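Report on the structure given below.
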Amino acid sequence: KTGLILALDVTDRMEAVAISEKVSGYVDAIKIGYPLVLSTGMDMISQLSKYAPIIADFKVADIPNTNRLICEQVFKAGADAVIVQGFTGHDSLEAAVKLAKEQKKDIYVVTEMSHPGALDFMQQVGEGIAKMAADAKASGVVAPATRPERVAEIRKIIGNDLSIISPGVGAQGGSASDVIKAGADWVIVGRSIYQAEDPAMAAKKLVDEMKEFI
Ligand code: BMP
């Protein structure tokens, strides 16, 4: 385990493949979302899955039946995990988790986000969503590396059965080692890796920084 997940928010197919190839030895998963899939197509999921397991960040946020239909397609495309929003409530979340369990896949639930605007509404409901994710037996939650103290709170709520994957390191100001110390299992890093002069070196540095705390 390296503790690192690459957020591959590039919009060019060749670049996506080249970066995945360079960093594959340093990451435990690659998170891809709308920027890459809308620009290159869903087949990017299976193409990149030869480098690392794929977490599809589609932030699914719908009624239970639609959540299930969306997750079904994403798993069929070759993703190992899907990120869903938690604010839609327990039934929507449970529909996604039920399908994922049947297919031996993972659901990660967004609790509160890493950007400043998350303080407007999301932080007030983050702990409730974390509790709901634990009750639904999701695989884990997404919690902000920009606020390690919130990650520590969320860890207390979910216990040790769920994982915490944490974006906000580097470009958004968070520190990889600080958030791992606060209780995250993985950091999710995008720009600091894919915009680096040497993406492999940038990934290696993060892995080395976290090594002793993982
Ligand atoms: P970067 O390291 O370039 O800031 O990228 C972070 C990635 O994590 C982006 O894909 C972003 O959409 C995602 N993300 C986030 O930054 N904060 C959240 O709270 C949830 C996210 O999914």
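The values are calculated or read from the model by the stated rules, or taken from the named source; none is laboratory data. Treat the numbers as computed from the prediction; the structure is a model and nothing was measured. With ideal geometry, Cβ positions are generated from the backbone for all residues, glycine too; neighbour counts draw on all protein chains shown. Just the protein is used for accessible areas: all its heavy atoms, side chains included, with ligands, DNA and RNA removed. Shrake-Rupley method; radii C 1.70, N 1.55, O 1.52, S 1.80 Å.
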- Run the accessible area of the chain with a 1.4 Å probe and give the carbon-and-sulfur part as a rounded percent. 52 percent
- Note on the structure: Within the stretch 148-203, DSSP-loop GluC sites (Glu not before Pro) with at most 15 other C-beta atoms within 10 Å are E197
- Thinking of the stretch 136-214 as a set of Cα atoms, what percent of all their pairs are more than 19 Å apart? 34 percent
- Message: Can you tell me the mean projection area, over all orientations, of the convex hull of the stretch 24-135's alpha carbons? Units nm², please.
- Response: 7.5 nm²
- Max mean-square fluctuation residue, GNM over the chain, Cα-Cα springs under 10 Å, options F87, F75, F121: F121
- Go ahead and set up a Gaussian network model of the chain, Cα springs under 10 Å, then flag whichever of G25, G89, G41 fluctuates most. G41
- Message: On a straight-distance basis, which lysines could pair with K98 in a cross-link, Cα separation under 29 angstrom, same-chain partners fewer than 8 positions away excluded?
- Response: K1, K31, K50, K59, K76, K131, K137, K156
- Please report the base-10 log of the normalised intensity I(q)/I(0) for the stretch 1-85, using a Debye sum with one equal scatterer per alpha carbon and no solvent, at each q in 0.16, 0.18, 0.20 (1/Å). -0.56, -0.70, -0.85
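Summing -39500 (n - 2.57) over the DSSP H runs of n ≥ 4 in the chain and dividing by its residue number, what mean residue ellipticity at 222 nm do you reach, to the nearest 500 deg cm²/dmol?
-13000 deg cm²/dmol
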- Message: Could you check the spin-label model distance between K1 and D161? Points 7 Å from the Cα along Cα→Cβ, value in nm.
- Response: 1.8 nm
- Message: If you consider only alpha-carbon coordinates, what radius of gyration and Dmax does the chain have, in Å?
- Response: 16.0, 45
